[in-house]
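Working notes, structure below.
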Amino acid sequence: MKKFLTLFMVAGLSILSAQTFKVDLFQPSYLAGKELQPGQYKVEQKADKVVFMRGGQMAEAAAKAESTGKKFSTTTLIFAVRDGKQQIREIRLGGTDTKLVLD
């Protein structure tokens, strides 16, 4: 039986445009099976996916934008821990009512 644990982590955010922003990861995290090391990442929201980029490193995952009806004060990453690995599951965009739900 797999145990899921949701963790909340506030991420640094700089809105660059409606579809591009920056987040800081403070510990190793996984996105679509790819490990992302701690550091600042440029994140692009495209039609049906998000792309994390840092230096030559890139990871992407399918994502669905949802409106929550309430504005988030800060950008927050929601994680699920599976098999001891912290996986990014959702991004709540600070200053908006939008959350990106990742597959």
Obtain the nm distance between the two label points defined at K71 and A32 by a simple spin-label model: each point lies 7 Å from its Cα along the Cα-to-C-beta direction. 3.2
Too long at a 21 Å Cα-Cα cut-off: which of K42/K70; K34/K85; K22/K49; K34/K70; K49/K70? K42/K70; K34/K70; K49/K70
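Any read-out appearing in this document is the output of simple, stated calculations on the displayed coordinates, not a laboratory observation. Keep in mind the model is a prediction, meaning the values are calculated, not measured. Cβ: placed from backbone, ideal geometry, glycine included. Neighbour counts: every protein chain shown.
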